[in-house]
Amino acid sequence: MEDKIAAALGDSTDYWASPTTQIFAFIGLFWLSIKIFSFWRLIASLFILPGTSLTKFGKKSTWAVITGASDGIGKEYAIQLAAKGFNVVLISRTQSKLLDLAKELKDKYHVEVRNLAMDFAANRDKDYAALKKLLQEEVGEVGILINNVGLSHSIPVPFAETPEQEMKDIVTINCLATLRVTQLVVPGMVARRRGLILNMASFGGLLPTPLLATYSGSKAFLQQWSSALFSELAPHGITVQVVQSYLVTSAMSKIRRASWLVPTPRQFVKAALGKIGRSGGAQGILGTCTPYWAHGIMHWAIASFAGTMNGVVIGINKRMHEDIRRRALKKAERDGKKSS
Ligand SMILES: NC(=O)c1ccc[n+]([C@@H]2O[C@H](COP(=O)([O-])OP(=O)(O)OC[C@H]3O[C@@H](n4cnc5c(N)ncnc54)[C@H](OP(=O)(O)O)[C@@H]3O)[C@@H](O)[C@H]2O)c1
């Protein structure tokens, strides 16, 4: 018996003495240490470390410009920034919704509010000229720009069947409007050497998303452009932050009930404004944060163990959107029968 144990121990000592085993063990331990370090970085970023204080971007009564401000996430950015004492410029299409929100913010938080009703899909020069005039003549220092406006497909749709107008609107609103509004605001920020430009991205762009291909591409554009802009503007004292997000309850997501994975706009925006300058779940992506805890963990896990461009991940995403399309088409059919 003792001989057998000694023989077994002898074998295992030989095994660990082999240089090949030692190299593999070292690589394995190194990989594990990186993952453990990255996990603790994630926990610290999401739950422990605060973000940069918004006061860095301007004192009370500095202006914040918010696009897509009358509903959903954009409305919540406007509310939470007004609550912190920022004056706000609200931009979206529907004048009546803007007026209601402006009244609410003035009454509740005693801040100044300016509205501009414009349709970003129309991409009219005269609207951008009106915005420029408003910023130059009625608004002082713009400390914060929230590029929030966005459009997705009405339902998941194969690319070849995507209506041309929907395709154009998504690209015009998500990409061109963001570029044009930012160009109006950046020179002032550069001159003052301070400012925050926060761009709403989406997991739809982080992970290539079949059946939302145009939306996915437009949000991936925002990620790429924002990281490049981060690098350009950091030496001028300006912070550019891409905010990555999975689903949030809103008209766009068509989800009404919040859960641990799908926060309300209020929960989401609180996390986003509290984590400026942090990465949350978006480790290693310049100027990017996935601030809401459940989204952050999901982002980190996918990026760490599979990769956001991984074929299996994209396949799962595809099946999910095929299923959403099937259900949306059935619902449209039921609604059509009811109304006829
Ligand atoms: N909700 C989610 O699950 C989710 C997830 C990831 C990322 N996001 C991103 O978060 C951002 C906000 O999404 P949300 O869910 O809050 O959307 P939402 O509830 O549909 O609100 C969109 C806002 O934009 C305005 N708007 C829409 N089209 C416009 C246009 N052509 N011109 C000017 N304003 C326009 C709307 O007001 P009017 O209709 O009055 O114009 C509204 O104020 C988007 O960029 C979206 O891609 C959302």
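Taking region 80-112 as the range and being within 26 Å of T172 (Cα to Cα) and either more than 8 Å from the ligand (Cβ to nearest atom) or part of a helix (DSSP H, G or I) (or both) as the test, the residues that pass are V88, V89, L90, Q95, S96, K97, L98, L99, L101. Out of curiosity, is M298 in contact with a Gly (Cβ under 9 Å, 6 or more places away or on another chain), open to solvent by 60 Å² or more (accessible area, probe 1.4 Å) and within 16 Å of the ligand (Cβ to nearest atom)? Taking the combined requirement at face value, the residue does not satisfy it. Only one of the numbered conditions (1) in contact (Cβ under 8 Å) with a residue 60 or more places away in the chain; (2) away from the ligand (no atom under 11 Å from the Cβ) is not met by I238, and that is (1). Residues in region 39-76 that are surrounded by 15 or more Cβ atoms within 10 Å (Cβ to Cβ), at pLDDT 95 or above and either among the polar types (S, T, N, Q) or in a loop (DSSP other than H, G, I, E, B) (or both): S45, G51, T52, T62, T67, G68, A69, S70, D71.
Quick one: would you say T290 is among the hydroxyl-bearing types (S, T, Y) and open to solvent by less than 10 Å² (accessible area, probe 1.4 Å)? Against the criterion (among the hydroxyl-bearing types (S, T, Y) and open to solvent by less than 10 Å² (accessible area, probe 1.4 Å)), T290 qualifies.
The values are calculated or read from the model by the stated rules, or taken from the named source; none is laboratory data. Owing to the predicted nature of the structure, the values given are computational and were not obtained by experimental measurement. Don't worry about glycine lacking a Cβ; one is built from the backbone with ideal geometry, like all the others, and counts go over all protein chains shown. The protein model used for the area step is the full one, side chains on, heavy atoms only, and it has no ligands, DNA or RNA in it. Shrake-Rupley method; radii C 1.70, N 1.55, O 1.52, S 1.80 Å.
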